[in-house]
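Laboratory data are not the source of any read-out in this text; all were calculated from the coordinates shown. All figures in this text were calculated on a predicted structure; none of them were measured in a lab. Here Cβ is always computed from backbone atoms with ideal geometry, including for glycine, and neighbour counts include all displayed protein chains.
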Amino acid sequence: MQLAARGNTTALGDAPQIARRLLAANEEYAASNNPALSITDRRQARQRARLALEELLKAQPNNAKALSLLGRVELDGERLTEARALFEKSLEIEPENAQCLANLGYWALKGQNPAMAEHCFMQALIHDRQSSAAFCGMAHAKRLQGEFAVAYLHYRKLLDLGLAWPSVYSGMLQCAKNLEIKQADASLARDAIRLLSVETLPHQDLSSFVAALVRQQYDLDNPNAEVFLDAAATDELLLLGLERTLLTDPAVEGLVTLLRSHLLQTTMAEKTLEEQHQRLAIGLGLYAARTGYALLQTETEATLIDALHSDMQTLLAKPAPLAMPAGELAGSVIISAMYGALFHQHFAPELGRFELAAWPAGLQQLVSVSYYQLAEDEAYKQLFAEKEAELAMAPADLSFAWPAWRNLNLMTERLLREELAQSLNIHLDLEQADPVRVMVLGCGSGQRALEIARFYTDVEVIATDETLANLAHGARRAREEGLDNIVFWPYSLVGKFINDGHRALFVELDQIPSALQSDGTVAALVDQALAEGGLIHFNTGSMAVSPVDQQIQALVRNHRLQPTTESVRRLRRMVLNNRADARWSEITNAADFYGTAGCRQRWFYPESPEQTHALLSHLANEVKWRLVKARDSDGQELTPAPVQAQLVAERHGSSVQSLAGQALSLYFQKR
């Protein structure tokens, strides 16, 4: 027996040789998680790590480190049962192995058991207080249990240690959205500045966090608080907030409009935009564009802007073409862009003679957003017959893309077919080389559709929306991201595509169309678009209309208000003037309130309740559809049968509570 055991060991080599093999397997595993590699290369690296570890374990079946690492390989491959067995076997051999305890904690996180995960991470830290993986896992576990403040401090510590992992940033952003800011806090302000300074983060997720910090920092609950223009012009938190996110707080919007008005009056009085105020002015212009120019303005401001535009028209009318914008013009452009899109001004054609690169470097982003990007979007809209409906509209009343977002969410590249197989046990009837066709209905400004196209490497995406501005914005962002596996089409073109016999295997429904959408019902579209065995996913949370929105919609109907930008501003002024009334807090807490397109969508073109009812009624047909998975607003899985029964009861006219508005994430498969 001793000779046989010796023979098994030497088949792979002596102890140093096994150590080298384990090190090589670790390197392969590290490569399998390297975001710089393609998904194919990462999968191959994971398979090489698996084979190397399995070979090593043939020689040393009780090598705890190899067992733990193989468990992690299986965990990454979503083979949860095999992973847990390997972790537990490793811990039987080395009960104090901190790395394996941390691995078991991550297994518990994947199994939606954060309490067990926290216990595992705590045990790992007892045995290795320096384990960054366990400390990060503890942050995740605390966050998933709703202990956002504790988790937030963990993430901050990890960043302070230089561990700027995507999961750390993602977790910290999730916590920031759930923190209650009751007083000015310099450390939180520094955190916000650090997060806003990372170019690739989804800064739109920081809107409420940054707004709350700004509110406290400027003591905006104090009616006697003083605001100084020069101080605001050097406030990095405020400047980054204006440049990169929405500030979803009515008091902060009041601060922004006050600063804009003060800056306009100061500049017009002094006939120049002071250098120390330029970044603030550019930030205000970028912010105004992000809101679709929803900010309110006084008659005095309107008069001053008209005078400024008259001066700009005179300057631009000079016969000699300018190779580069004069400094006087550059300052006027900045001030003008704080109040409206340059592309929509009557002097826009004259601005078009300058290339973007001709403008000062610090001004190029603002000019791009306010002029060149809108020109590019307009060219895209001209491709479709739906553009005819916009021809009679005033330029200022054209819709802007919504929701406003800066960057895609942080995600890991993967295969959609693998995810569906692992999470839903759905195996698509598709050749391996063929892409999975995905349709995103009601895609808005395209963030979710682009994330699907960017991070699922086996898909082709067709995204549609009833707003041309959203389609144009999505198409431009796709080009900027270098994505050639996604198109943005209006509903009419998608309908023709389906009528030609093309089908999708996955439909993501982001938003129900409004009553104005005349190209068939979404229920019929889904039924025709999905191939047999295909899936539809949607969330019922957006399908309900709040009482506040119902009041404003009634006001729109009763007064026959038109969906102009001026109408939207008047309605917003009414809400802001009454924001102390708690009844209005529901709308002022919503991001939609802070953009003209968001308000227009909620009050003039809301989701059609008839289409919502028709879709839910259609999916209640158990002969044609099977509810595969249901999750609540916290991400917890629900038993499908009761949800299906509630859907069927609602279809038959029962007085049960409607699924609309319950924020359920539902997956249905077409039989």
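General observations
- Structure-derived Rg/Rh (Cα atoms, Kirkwood Rh): which label, when the choices are (1) 1.28; (2) 1.33; (3) 1.01: (3)
- Simple label model, 7 Å out from Cα along Cβ direction - residue 427 to residue 296, nm: 6.2
- The angle between the Cα long axis of helix 327-337 and the longest principal axis of the Cα atoms of the chain comes to about 70 degrees, rounded to the nearest 10.
- Acute angle (nearest 10 degrees) that the helix 565-577 long axis makes with the longest principal axis of the chain, alpha-carbon atoms: 80
- Rounded to the nearest 20 debye, the dipole size of the chain about its Cα centre is 1100 debye, using +1 on the Cβ of Lys and Arg and -1 on the Cβ of Asp and Glu.
- Cross-link partners for residue 381 among the aspartates and glutamates, with Cα-Cα distance under 14 Å and sequence neighbours closer than 8 places in the same chain left out: 390, 465, 466.
- Span from the region 236-284 Cα centroid across to the region 550-613 one, whole angstrom: 26
- When both bridge partners sit in the chain, DSSP labels roughly 40% of those beta bridges antiparallel.
- Column: log10 I(q)/I(0), Debye, Cα scatterers of region 186-380, q = 0.08, 0.10, 0.11, 0.17 Å⁻¹: -0.27, -0.42, -0.50, -1.16
- Extension gain for residue 412 to residue 40 (0.36 nm times residue separation, less C-alpha to C-alpha distance): 132.6 nm.
- Judged by the gyration tensor of its Cα atoms, with axes a ≥ b ≥ c, region 144-190 is oblate; a/c meets the 1.5 cut and b/c is at least as large as a/b.
- Residue (of 59, 30, 545) at the positive-pole extreme of the chain, dipole from beta-carbon charges: 59
- Helical mean residue ellipticity (222 nm; -39500 (n - 2.57) per DSSP H run of 4+; nearest 500) of the chain: -16500 deg cm²/dmol
- Mean projection area, nm², convex hull over Cα of region 2-95: 6.3
- Against the chain, whose longest principal axis comes from its Cα atoms, helix 468-481 is set at around 50 degrees.
- Debye intensity ratio I(q)/I(0), log10, region 369-412, q values 0.26 Å⁻¹ (C-alpha model): -1.10
- Treating r as the C-beta distance of residue 265 and residue 221 and R0 as 25 Å, the FRET efficiency rounds to 0.45.
- Computed over neighbours whose Cβ is under 14 Å from that of residue 363, the net charge equals -3, Lys and Arg +1, Asp and Glu -1.
- Spin-label pair residue 314/residue 393, simplified geometry with 7 Å Cα→Cβ offset, distance in nm: 3.4
- Cross-link partners for residue 624 among the lysines, with Cα-Cα distance under 16 Å and sequence neighbours closer than 8 places in the same chain left out: 670.
- Candidate lysines for bridging to residue 271, where Cα separation is under 22 Å - those fewer than 8 sequence places away on the same chain excluded: 318
- Unsatisfied cross-links (Cα-Cα over 21 Å) in the set 177/629; 110/629; 89/142; 89/629: 177/629; 89/142; 89/629
- Assigned charges on the beta-carbon of Lys, Arg, Asp, Glu; region 547-603 dipole about Cα centre (debye): 200
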